[in-house]
Amino acid sequence: MKAISVLGSTGSIGTQTLEIAQEFPEEFTVVALTAGKNLDLLIEQIKQHEPELVALADEIHLPELKERLEILPPKDKPKNLPQLVAGNEGLQTAAAWSNSDLVVTGIVGCAGLLPTLAAIKAGKDIALANKETLIAAGPVVLPELKRSGSRLLPADSEHSAIFQCLQGTPWAENARLSTGIPTPGLRNIQLTASGGAFRDWGAEDLKNATVKDATSHPNWSMGKKITVDSATLMNKGLEVIEAHYLFGLDYDNIEIVVHPQSIIHSMIELADSSVLAQMGWPDMKLPILYAMSWPERVETPWKRLNLSEVGQLTFNKPNTTKYPCMELAYAAGKAGGTMPAVLNAANEEAVALFLKEKIHFLNIPKVIEAACENHKPDFSSSPKLDDVIDVDIWARKAVRAEVQKNSSQITMASYN
Ligand code: NAD
Ligand code: MG
């Protein structure tokens, strides 16, 4: 039985993790939850899983949560109400909770950084969904993993696929650690991309893209931010950086291939030119479960893959003219230092502005590029945590300033 803490329990990753815990009660028990402001759902989760600790991102909601739990009718009230905490310190307490073995990181964005680091420092195994943490702070996270012995188990479907393929190689011991040490014999990684919401749109038509269009994903049901990242293909660019830190390959050996059916979740090429792929229906529960159960496999009654039902698997090259975000990500990853943190923060800010209809879809890459161009990283030493936090704040401001400066050109109106 593994005891798990779920960071971001009310989100897409968080709710799927809790569904897994509910479906396999012999395997998993939930000891800590963290959430933003969806108290209705959080209270249902507390009733169902009876965690020992619950942390809210913002203290302001704490009195209401406390009161609503206390007045629950006896039939719904957990035998022991959880300890309630809040704010950054509260999130970190949940992440490092002494009774948990594994922490599932389902917080979105760089907000996951400090809690993930707290979990690593406490020596917990990490089921990593919150990719932004590793992208922004790879050079900070990797040495911490080494120090604490905490293991990073990828929950992102592509990285889970690579991780699963690596288990079958003679270098499994190294691969299992996922500490960014190059895996001998691993020649190349091919990350598959569904193509996102606009894969069937002509490049010209993107000028008409609305928030509603960008938040409808053809294959995966996910949170809003990552769905927009999939529509710009920045998600794939971010995943290239994530793969670099997880598996230690140079950027030239990490490729993107568009695979609209999302059946092959990624591939590895080995020294003897053999290519291994991991397949399954596009369902995030599979990679989440593997990160939770590793190194074991849990028997599930889930729908089994039937390739004759799928019919065709097709592949094509990504279009970097239509989707400039991928090249911005490669460039930031290759630059290294604090550049990936700037790319990540600028992207978070740009997506947030797009979701508020303050900028147009086509301006997302433009404002990110401007932030990266204006950032002068200091390569004299590896970035520290404070450097990452400083550039994260700087990049968000830089994006807002850029939007302000060009507001006449880049509002929605200019495209109508
Ligand atoms: P989501 O928006 O559905 O959920 C985010 C969760 O984080 C919610 O519980 C929310 O309350 C909490 N949260 C938001 N802002 C917070 C803050 N500032 N402080 C603390 N908590 C905060 O997001 P999601 O789609 O579940 O994605 C979560 C992470 O997993 C992201 O990093 C994403 O890239 C990654 N991921 C998601 C999927 C997926 O299928 N959803 C797939 C691969 C990777
Ligand atoms: Mg992914």
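The values are calculated or read from the model by the stated rules, or taken from the named source; none is laboratory data. Note that this is a predicted model, so its numbers are computed, not measured. Every residue, glycine as well, gets a Cβ built from its backbone with ideal geometry; the counts of neighbours run over all protein chains shown. Accessible surface is based on the protein model in full, side chains and every heavy atom, while ligands, DNA and RNA are left aside. Shrake-Rupley method; radii C 1.70, N 1.55, O 1.52, S 1.80 Å.
Residues in segment 167-189: is at least one within 16 Å of ligand 1 (Cβ to nearest atom), modelled with pLDDT of 95 or more, not in a loop (DSSP other than H, G, I, E, B) and not aromatic (Phe, Trp, Tyr)? First the steps, then the outcome.
Going through segment 167-189, the residues within 16 Å of ligand 1 (Cβ to nearest atom) turn out to be 178.
Then drop every residue that is not modelled with pLDDT of 95 or more, which leaves none.
No, the conditions are met nowhere in segment 167-189.
Going through segment 190-232 one residue at a time, which ones are aliphatic (A, V, I, L, M) and either over 27 Å from Ile162 (Cα atoms) or in a helix (DSSP H, G or I) (or both)?
Matches in segment 190-232: Ala203, Leu206, Ala209, Val211, Ala214, Ile226, Val228, Ala231.
Report, by residue number, each residue of segment 185-227 that is farther than 22 Å from Gln261 by Cβ and under 18 Å from the mean Cα position of the chain (by Cα).
Gly223, Lys224, Lys225
Among the listed residues Ala21, Ala32, identify the single one that is at pLDDT 95 or above, assigned to a strand (DSSP E or B), of a type in the set (A, V, I, L, M) and under 25 Å from the mean Cα position of the chain (by Cα).
Residue meeting the stated conditions: Ala32.
Kindly evaluate Val388 against the criterion of being in a helix (DSSP H, G or I), touching a residue at least 12 places away in the same chain (Cβ under 8 Å) and of a type in the set (Val, Ile, Thr).
For Val388, the condition - in a helix (DSSP H, G or I), touching a residue at least 12 places away in the same chain (Cβ under 8 Å) and of a type in the set (Val, Ile, Thr) - is met.
I want to confirm something. Restricting to segment 87-139 and keeping residues that are part of a loop (DSSP other than H, G, I, E, B) and among the aliphatic types (A, V, I, L, M), which single residue is surrounded by the most Cβ atoms within 10 Å (Cβ to Cβ)?
Top of the filtered list is Ala129.
Given the criteria of a type outside the set (Phe, Trp, Tyr), within 30 Å of Ala345 (Cβ to Cβ) and within 16 Å of ligand 2 (Cβ to nearest atom), does Ser12 qualify? Walk me through it before giving the result.
Values: of a type outside the set (Phe, Trp, Tyr): yes; within 30 Å of Ala345 (Cβ to Cβ): yes; within 16 Å of ligand 2 (Cβ to nearest atom): yes.
Considered against the rule, which asks whether it is of a type outside the set (Phe, Trp, Tyr), within 30 Å of Ala345 (Cβ to Cβ) and within 16 Å of ligand 2 (Cβ to nearest atom), Ser12 comes out as yes.
Within segment 250-264, can you find the residues that are surrounded by 18 or more Cβ atoms within 10 Å (Cβ to Cβ) and closer than 19 Å to Ala329 by Cβ?
Those that are surrounded by 18 or more Cβ atoms within 10 Å (Cβ to Cβ) and closer than 19 Å to Ala329 by Cβ: Ile254, Ile256, Val258, His259.
Condition first: within 13 Å of ligand 1 (Cβ to nearest atom), surrounded by fewer than 19 Cβ atoms within 10 Å (Cβ to Cβ) and over 20 Å from Gly333 (Cα atoms). Can you find one or more residues in segment 227-246 that meet it?
Within segment 227-246, not a single residue is within 13 Å of ligand 1 (Cβ to nearest atom), surrounded by fewer than 19 Cβ atoms within 10 Å (Cβ to Cβ) and over 20 Å from Gly333 (Cα atoms).
Report whether or not Val104 is within 30 Å of Asp378 (Cβ to Cβ) and either touching a Lys or Arg at 6+ places or on another chain (Cβ under 8 Å) or of a type in the set (A, V, I, L, M) (or both).
no
Being in a loop (DSSP other than H, G, I, E, B) and in contact with a strand residue (DSSP E or B) (Cβ under 7 Å, 6 or more places away or on another chain) is the filter here; which residues of segment 38-56 pass it?
Those that are in a loop (DSSP other than H, G, I, E, B) and in contact with a strand residue (DSSP E or B) (Cβ under 7 Å, 6 or more places away or on another chain): Pro51, Glu52.
Taking Lys376 as meeting all but one of (1) within 22 Å of the chain's Cα centre (by Cα); (2) without any contact (Cβ under 8 Å) to a residue 40 or more places away in the chain; (3) under 28 Å from Glu255 (Cα atoms), write down the number of the exception.
Status for Lys376: all satisfied but (1).
Filter segment 285-299 down to the residues that are in contact (Cβ under 8 Å) with a residue 60 or more places away in the chain and open to solvent by 20 Å² or more (accessible area, probe 1.4 Å), then identify the one that is farthest from ligand 1 (Cβ to nearest atom).
If we take residues in segment 285-299 being in contact (Cβ under 8 Å) with a residue 60 or more places away in the chain and open to solvent by 20 Å² or more (accessible area, probe 1.4 Å), then Pro295 is farthest from ligand 1 (Cβ to nearest atom).
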